[in-house]
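Everything on this sheet refers to the single structure shown next.
The values are calculated or read from the model by the stated rules, or taken from the named source; none is laboratory data. The structure displayed is predicted, hence computed values, not measured ones. For accessibility, only protein heavy atoms count, side chains too; no ligands or nucleic acids. Shrake-Rupley method; radii C 1.70, N 1.55, O 1.52, S 1.80 Å.
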Amino acid sequence: MGTTKFVLFTADNKYVVEYLLQQLILSDSITEALIFEEYDLAVGFRKMLAKNCKLDCSINTYIE
C-alpha cells in the first residue's frame with residue numbers, strides 16, 4: 001500500500017492545479033490537481049493561498 005497523498009479543494013468545488021508567478025489555476029478534475037506527498041507541505045501551501053489569494057481550501061486525501 002502506498003503513502004497517503006493530499007490535494008487542495010476549494011469551496012467552489014475546484015482543485016488547485018498550480019500557483020506560479022501569482023497566477024492561480026483551478027480545475028474541476030482531480031486528475032489535474034497538484035498532489036502533495038507530505039501533509040505539512042499541503043498545509044503550508046494552503047496557508048500561502050489563503051494569504052496571497054484569499055482562497056480558502058480544504059486538504060483532502062487523494063486516492064489513486
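How much area per residue is accessible in the chain when the probe is 1.4 Å and only protein heavy atoms are counted (Å²)?
On a per-residue basis, the chain sits at 73 Å².
Relative to the longest principal axis of the chain, what angle (0 to 90°, nearest 10) does the C-alpha long axis of helix 39-53 take?
Roughly 20 degrees between the two axes.
Which aspartates and glutamates have a Cα less than 16 Å from the Cα of Lys54, not counting those fewer than 8 places away in the same chain?
Candidates past the 8-residue exclusion: Asp12, Glu18.
Using a 1.4 Å probe and counting only protein heavy atoms, arrange Lys14, Lys51 so the residue with the most accessible area comes first.
Listed by decreasing accessible area, they come as Lys51, Lys14.
Pop out the carbon and sulfur fraction of the accessible area of the chain as a percent, whole number, probe 1.4 Å.
50
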